[in-house]
Amino acid sequence: MHRTAPTTPRAPRPERRTERRSHADYTGGVYGSLLAASVIIGAGDLGSFPRTELVLLLLLSSLVFWVAHVHAQLFGARLAQHALDRRTVLHVCRDEWPIVKAAVPPAAALAVSPLLGLGVEGSLWFALAVAVAGQVGWSVAAARRAGATRRLMAVAASVNLLLGLLIILFKIVLND
């Protein structure tokens with residue numbers, strides 16, 4: 001009679017974590033940064049605590065868009081391919097999380113702006129610049145992870161910088 005050794009749960013293999021990271025999709029980060037820049041421009045008149053309100057608006061908007069993207073992935077393309085299970089749901093939630101992560105730097109910029117001596121308008125411009133820089137950074141990270149050449153990474157950065165500058169142009173035009 002052949003006896004098998006008792007099995008013990010295995011820890012996740014480091015190469016699987018590395019493989020998961022190497023296949024990461026940073027599209028959500030680019031999208032989230034663009035969303036953050038749009039929220040900053042569209043904030044309009046805020047109440048008595050404009051920085052706090054805008055920080056909350058940025059973070060809560062990113063959470064709503066994250067939920068919307070998770071929902072679209074789960075009940076759109078994913079459902080047509082296979083049944084939903086806990087692993088799939090967690091995978092989609094993790095893949096779409098960069099949308100929320102992208103809102104954190106502009107929100108942090110707003111939060112620390114008083115320490116830099118910035119008024120409300122200066123804080124908005126600072127947060128907008130951080131959002132655009134994040135957008136460019138996420139696009140370069142996505143291109144790099146995809147194995148793009150330096151030239152293609154530069155193109156990705158340039159296109160995203162152009163999109164960010166368009167948002168800044170909208171802010172300038174709308175404020176006049």
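Of note:
- Charge dipole (debye, nearest 20) of segment 25-111; +1 at Cβ of Lys and Arg, -1 at Cβ of Asp and Glu: 220
- FRET efficiency, 1/(1 + (r/R0)^6) with R0 35 Å, evaluated for Ser48 and Ala146 via beta carbons: 0.15
- Cβ crowding within 10 Å averaged over residues, with 30-42, 140-152 ranked highest first: 30-42, 140-152
- Loop-located chymotrypsin sites (Phe, Trp or Tyr not before Pro) in segment 104-176, at most 16 other Cβ atoms within 10 Å (DSSP): none
No value in this document is a laboratory result; all are computed from the given coordinates. Please read all numbers here as calculations on a predicted model, not as lab measurements. Glycine also receives a Cβ, built like all others from the backbone with ideal geometry; neighbour counts cover every protein chain displayed.
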